[in-house]
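Shown next, in structure tokens, is the structure this report addresses.
Rule-based calculations on the coordinates, nothing more; no lab input. These numbers were taken from a predicted model, which means no experiment stands behind them. As a convention, Cβ positions derive from the backbone with ideal geometry for all residues, glycine included, and neighbour counts pool all protein chains shown.
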Amino acid sequence: MLVSRRSIVRLGPPLVTAMIPIPGLLIYLGIAALIGYLGKDHKFGFWGHFFSAVLFTPLIGLIIVFASYKRPAPAVPAPGGPTS
């Protein structure tokens with residue numbers, strides 16, 4: 001029995017890019033950038049939190065921002081202190 005091309009049923013989407021429209025992708029990346037900005041003073045910095053929000057979801061990225069430690073402030077010498 002011959003099988004024609006019309007009788008073959010495709011399972012799943014033809015392309016992944018066809019499922020996410022460009023505006024939705026830009027909104028997703030914008031939210032991830034906002035999460036990166038919120039985490040810029042934390043342990044992983046902007047890029048670490050940005051990529052965690054892109055790789056996982058923005059909600060998980062936000063949880064990671066709140067769970068991470070803030071970076072300690074750099075030590076500033078006191079005025080009139082020893083100079084090198």
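Here the simple spin-label model places points 7 Å from the Cα toward Cβ, and for K70 and L55 these points are separated by 2.6 nm. Working from label points 7 Å from Cα in the Cα-to-Cβ sense, the L38 to L26 distance is 2.3 nm.
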